[in-house]
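*Asks:* Dumping the structure here so I can ask a few things about it.
Every read-out reported here was derived from the displayed coordinates using simple, explicitly stated rules and does not represent laboratory data. Quick caveat, the model's predicted, so the values are computed rather than measured. All Cβ positions, even for glycine, are placed from backbone atoms using ideal geometry, and neighbour counts span all protein chains on display.
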Amino acid sequence: MGGDITGKTVVPLVSNAAGNYHFNFQGQEFDDVKPSELPEFEKRIMNIGLYPYRTSESEYDSLRSETGKVSALFDRLMIDRLNAWKELAEATLGPLGVKCYWTGGNDDKQEILDAVSSSEHFVNVDGKLAVLESGHEMISLGWSTPTPWKTPRECDEEQLASRLQPLVESLKAPSTCIFNVHVPPFDSGLDVAPKLDASFDPPKPVVEGGQQVLIPVGSTAVRGFIEKTQPLLMLCGHIHEVKAEVKLKRTMCINPGSEYSVGILRGVIVNLTKDKVLSYQFTSG
Ligand SMILES: [Fe+2]
């Protein structure tokens, strides 16, 4: 699970004097919703990566008056969600003996990631080398190059290279390893995104001749390390618009894309032998 795993919005579900709830979800106002109807809405809200939060009118007013309180609530909900996933992994993957290796992405705050400890089947491998059950070494990094969104874990190409360098050097068998790096290699076809004008808040897509202008936004440092090391497999994400695979020299590079905002979780299943990518299959659900 390769990063950008925390949500961006809390949806307050505010109870009224009668004990029913009022909230705004996807631009629609919901009023006088009975508590028995709430779990279905909460599920819909959670499925698109947001955080439902049941609250009272007085707590809601107090949250609105102090931004610090909102930020503390946000942090708590993010940590709670990650811990709930950890419990889910232990309950579902544990009996199968399958591990979920995860990293944060550039969108995820370091202090939130640090607040969630690994467990046997939910292992944070960000900035680490992990040896998979198959024997393949995997190095992982969730940071990205600068974005117009000024997200929490961005750095320039040089700093990204200095984060990757020790990981690459720690590999015993580089030719059979996996790069699990959030940001795609530059100009690989896996990093195509709309060009944004950052002078607007939020940044606005640049349009020319009625068409959105698309540009490569990946990392030259990541591409350099792939071409030099030529790992067996490179897994990336970060750019939601692309669902594709590409070969850079001998390395199969895959970005499954993202549609989380419409409630779809995308992924890829890759079949490996020791030194070959046998097959892969994109998944969504
Ligand atoms: Fe990202």
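*Asks:* Applying the selection to region 10-31, what residues are more than 11 Å from residue 56 (Cα to Cα) and part of a strand (DSSP E or B)?
*Replies:* Step one: filter region 10-31 for residues more than 11 Å from residue 56 (Cα to Cα), giving 10-11, 18, 23-31.
Correct list: 10, 11, 23, 24, 25, 28, 29, 30, 31.
*Asks:* Still on this structure, I have one more. Give region 252-276 a look and list any residue that's polar (S, T, N, Q) and free of Cβ contacts under 8 Å to residues at least 40 places away in the same chain, or say none.
*Replies:* Filtering region 252-276 for residues polar (S, T, N, Q) gives 255, 258, 261, 271, 273.
Hits for region 252-276 are 271, 273.
*Asks:* Please go through region 38-72 and pick out each residue that is part of a helix (DSSP H, G or I) and among the aromatic types (Phe, Trp, Tyr). Let's see the steps before the verdict.
*Replies:* Start the filter on region 38-72 by keeping residues that are part of a helix (DSSP H, G or I), which leaves 38-47, 57-65, 67-72.
Once the filter is applied, which keeps residues that are part of a helix (DSSP H, G or I) and among the aromatic types (Phe, Trp, Tyr), region 38-72 yields 41, 60.
*Asks:* What number goes with the only condition from (1) surrounded by 14 or more Cβ atoms within 10 Å (Cβ to Cβ); (2) not in a helix (DSSP H, G or I) that residue 75 does not pass?
*Replies:* Unmet for residue 75, out of (1) surrounded by 14 or more Cβ atoms within 10 Å (Cβ to Cβ); (2) not in a helix (DSSP H, G or I): (2).
*Asks:* So, one more: Identify all residues within region 163-203 that are of a type in the set (Asp, Glu) and surrounded by 14 or more Cβ atoms within 10 Å (Cβ to Cβ); write none if there are none.
*Replies:* 187, 191
*Asks:* Suppose we keep only residues that are of a type in the set (A, V, I, L, M) and either within 12 Å of the ligand (Cβ to nearest atom) or surrounded by fewer than 16 Cβ atoms within 10 Å (Cβ to Cβ) (or both) within region 124-140. Which one would you say is nearest to residue 272 (Cα to Cα)?
*Replies:* 132
*Asks:* Could you check residue 211 against (1) farther than 15 Å from residue 180 by Cα; (2) touching a residue at least 12 places away in the same chain (Cβ under 8 Å) and say which number it fails?
*Replies:* Result: residue 211 passes all but (2).
*Asks:* List the pairs whose first member sits in region 226-241 and is free of Cβ contacts under 8 Å to residues at least 40 places away in the same chain, whose second member is more than 16 Å from the ligand (Cβ to nearest atom) and of a type outside the set (Val, Ile, Thr), and whose Cβ atoms are under 8 Å apart, counting only residues at least 6 apart or on separate chains?
*Replies:* The qualifying pairs are 227/248; 227/249.
*Asks:* Please count how many residues of region 88-105 are in a helix (DSSP H, G or I) and surrounded by 13 or more Cβ atoms within 10 Å (Cβ to Cβ).
*Replies:* Keep residues of region 88-105 that are in a helix (DSSP H, G or I), which gives 88-92, 94-96.
Now narrow it down to the ones that are surrounded by 13 or more Cβ atoms within 10 Å (Cβ to Cβ): 88-90, 94.
The total comes to 4.
*Asks:* In addition: Residues that are within 15 Å of the ligand (Cβ to nearest atom) and over 28 Å from residue 137 (Cβ atoms), at least 2 per element: which strands (runs of 3 or more DSSP E) completely within region 149-255 meet that? So that I can check it myself, show each step before the final result.
*Replies:* On the way: elements: 178-181, 192-194, 214-216, 233-235, 244-248, 251-255.
In region 149-255, 192-194 are the strands (runs of 3 or more DSSP E) which contain 2 or more residues that are within 15 Å of the ligand (Cβ to nearest atom) and over 28 Å from residue 137 (Cβ atoms).
*Asks:* Does residue 254 qualify as being surrounded by 13 or more Cβ atoms within 10 Å (Cβ to Cβ) and of a type in the set (A, V, I, L, M, F, W, C)?
*Replies:* Numbers: surrounded by 13 or more Cβ atoms within 10 Å (Cβ to Cβ): yes; of a type in the set (A, V, I, L, M, F, W, C): yes.
Spelling it out, residue 254 is indeed surrounded by 13 or more Cβ atoms within 10 Å (Cβ to Cβ) and of a type in the set (A, V, I, L, M, F, W, C).
*Asks:* Scan region 106-115 residue by residue and report those that are surrounded by 20 or more Cβ atoms within 10 Å (Cβ to Cβ) and free of Cβ contacts under 8 Å to residues at least 60 places away in the same chain.
*Replies:* Hit for region 106-115 is 113, nothing else.
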